[in-house]
Amino acid sequence: MAASVLGIVGGSGFYNLPGMENARWERVDSPFGKPSDEILFAEIEGLPLRFLPRHGRGHKVPPSAINYRANIDALKRAGVTDLVSVSACGSLKEEYAPGHFVLVDQFIDRTFAREKSFFGAGLVAHVSVADPVSPLLVDALEAAAKAEGIAHSRGGTYLVMEGPQFSTRAESNLYRSWGCDVIGMTNMPEAKLAREAEICYATVAMVTDYDCWHDDHAAVDVASIIAVMIANTEKAQRLVTRLAKDFPREHPACPIGSDRALDVALITAPEARDEALLARLDAVAGRVLKA
């Protein structure tokens, strides 16, 4: 078994992880472009941890401009085996009030302006994302949330919109009619790319507000969102610290095969593969390409 390296992608309001051991920020270059920021290399009780602020420190990068491919590739190069997305989101359910955490298990991808795959012309690959989150990682998150007394729910669907504008009321009600639980702008294509990179992935969706379907909260207000975000960040930092302390030091095999997603995904015959693309995929797909 490989040694576990826990990765954390921090969303809005979550730009640093205080209290880490041997912490240092390092630039990790990617052939897919520039990641959102440097990566924080650190440890918690001996567990290697890698933290990347999705929007950059200071929140400089909007959702549609995030280089998701570079972020995931850089985290893979940094050795990450298990990746937790900590993301601010809006609620589409009455019972998920601001401050509630949802450990989602499904996504609906409504984004349209983003690069969504590491593969393409010269090396075609199709991975399964029927089950986009890794259950053992969600088990660990749920245990950490319970240990820290953080109000949470397990399971739910995250509607990923393009943004940067919030929903119209008609859109919000449409997504509710689909049975979606929360809405945000960042977890796709991130989850799909993590699967292509054979990184186990899970999401902690931190509710900051009700989306505009709610009659008592018809207009999303950034100032009120920020106030909730500050409280959520403190809880998220406790959650991550607890998760890391209790996390298995050896990476267990994923029961749904997240960590071997490329075993049956590559379609292009070896003799027809593009050498330039192969060179870019040295981290993401190195395990299967070397074989």
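Read-outs: derived from the displayed coordinates by stated rules, not from any lab. Treat the numbers as computed from the prediction; the structure is a model and nothing was measured. Cβ sites come from the backbone with ideal geometry, for glycine too, and all protein chains shown count toward neighbours.
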Task: Highest-MSF residue in the chain out of ALA191, ALA223, ALA74 [GNM, Cα springs under 10 Å] - done: ALA223
Task: Coarse-grained scattering of the stretch 148-291 at q = 0.11, 0.16 Å⁻¹, given as base-10 log I(q)/I(0) from a Debye sum over alpha-carbon atoms - done: -0.64, -1.04
Task: Diffusion coefficient, µm² s⁻¹, Stokes-Einstein with Kirkwood Rh over alpha-carbon pairs of the stretch 94-183 at 37 °C and 0.692 mPa s - done: 212
Task: GNM top mover of SER224, SER117, SER12 - the chain, alpha-carbon springs below 10 Å - done: SER224
Task: Extension reserve of the ARG287-ALA170 stretch, reckoned as 0.36 nm per residue once the Cα distance is removed - done: 37.6 nm
Task: Modelled FRET efficiency - R0 51 Å, ALA276 with GLU95, Cβ distances, 0.05 increments - done: 0.50
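If the chain between ARG110 and LYS146 were fully stretched, how many nm would it gain, using 0.36 nm times the residue separation less the Cα-Cα distance? Don't jump to the answer; show the numbers that get you there.
Values: separation 36, 0.36 × 36 = 12.96 nm, distance 3.18 nm.
Length gained, ARG110 through LYS146: 9.8 nm.
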Open item on the list: With unit charges on the beta carbons (Lys and Arg positive, Asp and Glu negative) and the dipole taken about the Cα centre of the chain, which residue among GLN106, LEU137, HIS59 sits farthest to the positive side?
Closed with: HIS59
Task: Residue among LEU141, LEU278, LEU75 with the largest mean-square fluctuation in a Gaussian network model of the chain, springs linking Cα atoms under 10 Å - done: LEU278
Task: Gain on full stretching of the segment that runs from GLU250 to SER177 - 0.36 nm per residue minus C-alpha separation - done: 22.1 nm
- [ ] At most 12 other Cβ atoms within 10 Å plus a DSSP loop assignment makes a site exposed; report the longest stretch of the chain without any exposed GluC sites (Glu not before Pro).
- [x] 96-291
Task: Helix-only mean residue ellipticity at 222 nm for the chain, each DSSP H run of n ≥ 4 adding -39500 (n - 2.57), per residue, nearest 500 - done: -8000 deg cm²/dmol
TODO: Output the relative contact order of the chain, whole-number percent, from Cα pairs under 8 angstrom with separation of 6+ residues.
DONE: 26
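So which chymotrypsin sites (Phe, Trp or Tyr not before Pro) in the stretch 100-149 are both in a DSSP loop and have at most 12 other Cβ atoms within 10 Å of their Cβ? Don't jump to the answer; show the numbers that get you there.
On the way: sites: PHE101, PHE107, PHE112, PHE118, PHE119; in loops: PHE112, PHE118, PHE119.
Counting only loop positions with at most 12 other Cβ atoms within 10 Å, the chymotrypsin sites (Phe, Trp or Tyr not before Pro) in the stretch 100-149 are PHE112.
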- [ ] State the number of lysine pairs found in the stretch 1-134 whose Cα atoms come within less than 19 Å, restricting to pairs 8 or more positions apart or on distinct chains.
- [x] 4
Task: Percentage, to the nearest whole number, of Cα pairs in the stretch 218-284 over 14 Å apart - done: 78
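Give me the dipole magnitude in Debye, nearest 20, for the chain about the Cα centre, with unit charges on the beta carbon: positive for Lys and Arg, negative for Asp and Glu. Don't skip to the end; give the middle numbers.
Details: 30 positive and 38 negative charges, 99 e Å.
Charge dipole, the chain, about its Cα centre: 480 debye, nearest 20.
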Open item on the list: How much of the DSSP bridge set in the stretch 66-169 is antiparallel, in percent, rounded to the nearest 5?
Closed with: 10
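Given that compact globular proteins tend to follow 2.2 N^0.38 Å, what is the ratio of the alpha-carbon Rg of the stretch 6-290 to that value? List each step's numbers first, then the result.
Details: Rg = 18.3 Å, N = 285, 2.2 N^0.38 = 18.8 Å.
Computed over Cα atoms of the stretch 6-290, the ratio equals 0.97.
For GLU26 and ILE267, FRET efficiency with R0 = 41 Å and r from the beta-carbon atoms, rounded to 0.05? Spell out each step's value before the answer.
Details: r = 35 Å, r/R0 = 0.86.
So the FRET efficiency works out to roughly 0.70.
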Task: Residues listed by number, the stretch 254-277, amide nitrogen under 16 Å from ALA130 label point at 7 Å toward C-beta - done: 255-265
Task: Rg/Rg_ref, the stretch 11-101, where Rg_ref = 2.2 N^0.38 Å and atoms are Cα - done: 1.18
